[in-house]
Every structure is written in C-alpha cells, then in structure tokens.
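Inspection log for the structure reproduced underneath, given as structure tokens.
Laboratory data are not the source of any read-out in this text; all were calculated from the coordinates shown. This one's a predicted model, so the numbers in the text were calculated from it and none came from an experiment. Don't worry about glycine lacking a Cβ; one is built from the backbone with ideal geometry, like all the others, and counts go over all protein chains shown.
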Amino acid sequence: MPREQTLNVPNTITVSRFFLALVVFGMMSAGGMWIASAILFVVAVATDVLDGYIARKYNIVTTFGRIVDPFVDKFITTGVFLFLLPVSEKSGVSAWMVIAVLAREMLVTSLRGFLEQKGHDFSASGWGKLKMFLQCAAATAALLLMDDSLRAVPGLLLTRDLLLWVMTIVTVYTGWIYIARAAVILRHEQAG
C-alpha cells in the first residue's frame with residue numbers, strides 16, 4: 001500500500017483554517033471588530049467545502065485529513081460560541097446552547113472514533129451537514145449583530161435568535177440520530 005502524503009493541498013487548507021480560527025478568536029477577544037470577525041469566520045468555514053471538494057475530486061483523502069478536518073470544523077464553530085458566551089446578553093448565545101453543541105460534538109466524535117476503529121462507516125449524514133450549516137449561519141448572525149449599527153435593523157435580532165434556537169434543536173436532534181445509528185450498528189455486530 002502506498003504511503004499517504006500528509007502535506008497536500010486539502011490538508012494545507014484545513015491547517016490554514018485552524019490558524020484562521022485563532023485569528024477570529026483574537027479579533028473577538030479584542031472586541032469591536034465584529035463585522036470583520038464574521039467575514040473572516042465565513043471565509044474560514046467556506047474553506048471546509050473547498051478542501052473536501054479537492055480531496056474527493058483528486059482522490060487525495062488521507063487519514064490525517066479525515067481526523068483533522070472534522071476537528072478543525074468543531075474547533076472554529078464551538079470556539080466562536082464559547083467566545084460569545086461571556087457577552088450572552090448582546091450575542092444571544094446562552095449557556096444551554098453552548099452545552100448542547102459541545103456535548104453533541106464530543107459524543108458524536110467519540111462514537112465515530114469507536115465505530116470506525118472497529119471497521120464501521122460512521123461518516124457524516126445529511127442531517128450532520130445541515131447541523132454544520134446551521135451552526136455556521138447562527139454563529140455568523142451572532143457575530144454580525146454584536147455590531148451596534150446592525151442591531152438597529154428591524155427583524156435582524158429576531159432572525160438571529162431563531163437561527164440560534166433552530167441550530168440548537170437540530171444539533172440535539174442529530175446527536176440522537178447518531179446515537180440511534182450507532183445502536184443499530186452495534187446490535188448487528190453482536191447478532192452477527
């Protein structure tokens with residue numbers, strides 16, 4: 001079996017997304033650069049689509065990429081929610097939302113690692129992709145509406161709050177879907 005080349009274009013994009021996340025967190029910590037933080041966050045999460053597309057198109061999927069790519073996705077989204085939590089009155093992000101996101105991500109990552117080590121396919125489902133999209137949309141809206149000039153636009157605060165709650169509900173629901181899927185796989189394994 002040929003050796004995987006860890007340093008390839010998709011993995012380089014993934015690693016750059018990690019460093020972009022650190023820049024976003026730094027900007028959030030400094031405060032006052034909310035629109036710029038939101039734009040950089042969108043650029044960073046958009047690279048996830050790009051690295052996945054390149055990896056599949058040119059058949060350069062690596063073990064490193066399969067491990068690091070989902071980690072970086074979770075790092076940037078949960079990181080934004082964590083940095084918005086101390087300013088929850090303005091960001092709309094509540095502790096319950098952050099707990100739901102963190103718990104779901106830790107659970108699904110653990111299940112995926114356990115089942116894939118046993119040789120089972122436990123890749124992301126359509127629901128998982130919807131969850132990721134909603135997390136990114138909700139985080140972007142929360143970042144943008146930290147800026148006072150955007151808070152005055154009618155309807156935007158309500159839209160942000162709806163996005164945050166729908167994201168939380170879908171996040172919890174997808175966690176349940178993955179638990180049920182893991183249970184079926186383990187039941188079949190024990191029966192076989």
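Quick rundown of the values:
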read-out: Signed unit charges on C-beta, dipole axis of the chain, positive-most listed residue Gly26, Ile99, His120; value: His120
read-out: Top of Thr171, Thr63, Thr109 by mean-square fluctuation, Gaussian network on the chain, Cα under 10 Å; value: Thr63
read-out: Rounded Å value of the spacing that divides the Cα centres of segment 77-96 and segment 110-149; value: 16 Å
read-out: Sequence of Trp176, Trp34 once ranked by neighbouring C-beta atoms within 10 Å, starting from the fewest; value: Trp176, Trp34
read-out: Top of Ser16, Ser94, Ser110 by mean-square fluctuation, Gaussian network on the chain, Cα under 10 Å; value: Ser110
read-out: Ordering of 69-78, 47-56 by packing [mean C-beta count within 10 Å, highest first]; value: 69-78, 47-56
read-out: 3J(HN,Hα) from dihedral phi, segment 126-132, Karplus parametrisation 6.51/-1.76/1.60, rounded to Hz, x for glycine, proline; value: x, 5, x, 5, 4, 4, 4
read-out: C-alpha long axis of helix 156-191 to longest principal axis of the chain, angle in °; value: 10 degrees
read-out: Net charge over other residues, Cβ less than 14 angstrom from the Cβ of Met33 (K, R count +1; D, E count -1); value: -2
read-out: Neighbour net charge for Ala137 - beta-carbon separation under 15 angstrom, K R +1, D E -1; value: 0
read-out: Net charge over other residues, Cβ less than 10 angstrom from the Cβ of Val72 (K, R count +1; D, E count -1); value: -2
read-out: Top positive-direction residue, dipole computed over the chain with Cβ charges, set Val172, Thr63, Leu158; value: Thr63
read-out: Choice from Phe81, Phe133, Phe41 showing the highest fluctuation, given a GNM over the chain with Cα pairs closer than 10 Å; value: Phe133
read-out: Set of lysines with alpha-carbon distance to Lys129 below 26 Å, sequence-local pairs under 8 removed; value: Lys57, Lys74, Lys118
